[in-house]
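As structure tokens, the structure follows; a few thoughts come after it.
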Amino acid sequence: MWKYLVCSIFATTALAIWPLPVSYTNGSETLWIDRNVRISYNGGDESSDNTWTSKIVNNSIQRTYDTLFNKNFVPWKFHQRNSDFEPQLTSDATYITSIVLQQNGSDPDNVMKPDVGDVDESYTLSMSSSGEVVITALSSIGLSYGLTTFTQLFFKHTRAACAYTTLAPVEISDKPMFGWRGMNVDTARTFKPMADLYATIDAMAYNKMNRFHWHITDSQAWPLVIPSMPELADQGAYASFQQYSAADVQALQEYGALVGVEVVMEIDQPGHTAAIGYAYPDLIAAFNYQPWGYFAAETPAGTFKLNSTEVPAFLEKMFNDLLPRLAPLTSYFHLGGDEVNANASTQDETVRSNKTEVLQPLIQKFMDRNQHQLAAADFTPLVWEEMLLDWNLTLPLNTIVQTWISEQSVLKVVQQGYRALVGASSTWYLDCGHGDWVDHYQGADARQAYPYTDWCGPVHNWRQMYAYDPLEGIPDHLAHLVIGGETHIWSEQTDAMNMDTMLWPRTCAASEVLWSGAKDEQGRNRSQVLASPRLNEMRERLVARGIRAEPVQMPLCTMNGTQCVV
């Protein structure tokens, strides 16, 4: 009896929405849609004014047409082998007659760079059997999400120029559980071309994610152009053609803002700063010292001199150039703070110590200086968890603390009254499990390192990522301080050639956890049996968008219901 029940459930959800809506019902009637369908907004056509609301709505409408008719897919993998699964387009076929967008509220003034919670992201979607579609929301972002969901109801037809759904009528009411649904992309260890960053933001938006954390610099390279300090990128980038100009940064911010993805930049410090030493060697202690493992978590070693008078002047100038250019499209900035290696400071002539009691007040002073400059520019700071939990810094209460070392760190952060982001290396690190990237000389070290695994393996597959609950162990009265989380792609072994497969569709699993929550209505972890057919479908939709997402299962599994359930 259980198997028959599961097969029945599978059949009703195999062609469905990702991430899972709060409330969703559908039928089994067929509707068609062609390029002539009219999408209206608040009773008229596309808005012609230049407000961000109009830009977001108009962009969403154009993306809807593009997705339905240019970036759609034939769902043959979700039907029995060699079956004639496609509906016949007959003369009496029912078409979508109208798509009505109704915004029932006003966007906040900062809709292009909202703080967490500023924008109502909820929406409703109603599609009748006769072809009327109404999407309502309180914000332009909500309407955008509603249109994204609408496109996921339709499929490409092999013999017709229009798209179809077999799921009418549909009723959906939806909103996210967490306000910060992000991805952290490292472009320092390996450079990522702008086209790949655009594609990543596009895929994020299609999964209803809303924060692109841009880890743009690190010890290995400084690809960010600071116009008043051109020597930073000229000497710190791997190559002259691997730099991000001021125009590149602005363009990516604008692209993200149009699809509801805020670009949040990180310049990691005081550690992870060796690349600055190529242009400013006097600012960096233990620059490229050997053995690097004694002075840094990764090669090359190098950290800001903590008691130097020149470092604050450098930071003041750098931030005075950068922050005003970022400010129109974000109010967040990540100050880093992870993996500060105390041993590097033994080579710092302004410190000459690795003792915590010596370094802690210097790191506090260093971070205070950065925090004050951010506050003066009206930015909200983010830091890695070590600044709070290891170095015991006093931070402004509006600071967002990003956890990564363990899942238990989340509770420690919120118990101190700070907002937390989840994304432990044991769960949501996407680079884990691909083996050691350092070389080993022959001998005892090589034998000890065999079979050359990395520090955080094995690979965190989508099922593991999907099973993680950001609120696990968090008391109800502190749950509001867990504002969301991020997946992470550190790039020792990831560049443009494998970036998509490293990110997708595993990040989809995290996107659903952050949008829909990790638990079902009965308080249990969401079923993999119900999730995998939807994730398989989302993978196909990402591939249709040009994303080289790796497969979830072989077609045998998607064609045959629960055959791959054990």
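The values are calculated or read from the model by the stated rules, or taken from the named source; none is laboratory data. Just so it is clear, the model here is predicted, and its values are computed rather than measured. Cβ: placed from backbone, ideal geometry, glycine included. Neighbour counts: every protein chain shown.
Here are the numbers for the structure shown:
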{"read-out": "Selected residue (criterion: modelled with the highest pLDDT) from residues of region 554-564 that are touching a helix residue (DSSP H, G or I) at 6+ places or on another chain (Cβ under 6 Å) and surrounded by 15 or more Cβ atoms within 10 Å (Cβ to Cβ)", "value": "558"}
{"read-out": "Those residues of region 424-464 which are under 20 Å from residue 182 (Cα atoms), of a type outside the set (Phe, Trp, Tyr) and in contact with a helix residue (DSSP H, G or I) (Cβ under 8 Å, 6 or more places away or on another chain), in sequence order", "value": "424, 427, 430, 431, 460, 461, 463"}
{"read-out": "Unmet criterion (only one of (1) of a type in the set (A, V, I, L, M, F, W, C); (2) crowded, with 24+ Cβ neighbours inside 10 Å; (3) under 30 Å from residue 121 (Cα atoms); (4) without any contact (Cβ under 8 Å) to a residue 40 or more places away in the chain) for residue 264", "value": "(4)"}
{"read-out": "Test: residue in region 340-348 that is surrounded by fewer than 16 Cβ atoms within 10 Å (Cβ to Cβ), more than 25 Å from residue 410 (Cα to Cα) and hydrophobic (A, V, I, L, M, F, W, C)", "value": "no"}
{"read-out": "Filter result for residue 243 (in the same structural domain as residue 293 (by TED's automatic domain parsing) and without any contact (Cβ under 8 Å) to a residue 40 or more places away in the chain)", "value": "yes"}
{"read-out": "Residues being crowded, with 21+ Cβ neighbours inside 10 Å and touching an Asp or Glu at 6+ places or on another chain (Cβ under 6 Å) - total across region 521-539", "value": "0"}
{"read-out": "Condition check for residue 221: more than 24 Å from the chain's Cα centre (by Cα), over 30 Å from residue 122 (Cα atoms) and assigned by TED's automatic domain parsing to the domain that holds residue 371", "value": "no"}
{"read-out": "Every pair of residues 6+ apart whose Cβ atoms lie under 6 Å, when the first sits in region 279-291 and is of a type in the set (Val, Ile, Thr) while the second is in a loop (DSSP other than H, G, I, E, B)", "value": "284/302"}
{"read-out": "Residue that is of a type outside the set (Phe, Trp, Tyr), under 25 Å from residue 203 (Cβ atoms) and crowded, with 18+ Cβ neighbours inside 10 Å, where the choices are 233, 221", "value": "221"}
{"read-out": "Qualifying position, being among the basic types (Lys, Arg), within 23 Å of residue 483 (Cα to Cα) and surrounded by fewer than 20 Cβ atoms within 10 Å (Cβ to Cβ), among 365, 412, 355", "value": "412"}
{"read-out": "Of all residues making up region 153-191, the number that are within 27 Å of residue 30 (Cα to Cα), among the polar types (S, T, N, Q) and either surrounded by 21 or more Cβ atoms within 10 Å (Cβ to Cβ) or touching a strand residue (DSSP E or B) at 6+ places or on another chain (Cβ under 9 Å) (or both)", "value": "3"}
{"read-out": "Count of region 36-57 residues which are without any contact (Cβ under 8 Å) to a residue 60 or more places away in the chain and under 24 Å from residue 538 (Cα atoms)", "value": "0"}
{"read-out": "Helices (runs of 4 or more DSSP H) completely within region 448-566 that count 3 or more residues being under 27 Å from residue 190 (Cβ atoms) and either over 21 Å from the mean Cα position of the chain (by Cα) or not assigned by TED's automatic domain parsing to the domain that holds residue 156 (or both)", "value": "462-467, 499-503, 506-516, 528-544"}
{"read-out": "Cβ pairs under 6 Å, 6+ apart, first in region 215-227 and touching a residue at least 12 places away in the same chain (Cβ under 8 Å), second β-branched (Val, Ile, Thr)", "value": "216/187; 217/267; 224/216; 224/217"}
{"read-out": "In region 433-447, the residues that are surrounded by 11 or more Cβ atoms within 10 Å (Cβ to Cβ) and outside any loop (DSSP other than H, G, I, E, B)", "value": "446"}
{"read-out": "Filter result (over 13 Å from residue 337 (Cβ atoms) and outside any strand (DSSP E or B)) within region 375-405", "value": "375, 376, 377, 378, 379, 394, 396, 397, 398"}
{"read-out": "Residue tally, condition surrounded by fewer than 23 Cβ atoms within 10 Å (Cβ to Cβ) and among the basic types (Lys, Arg), over region 193-212", "value": "0"}
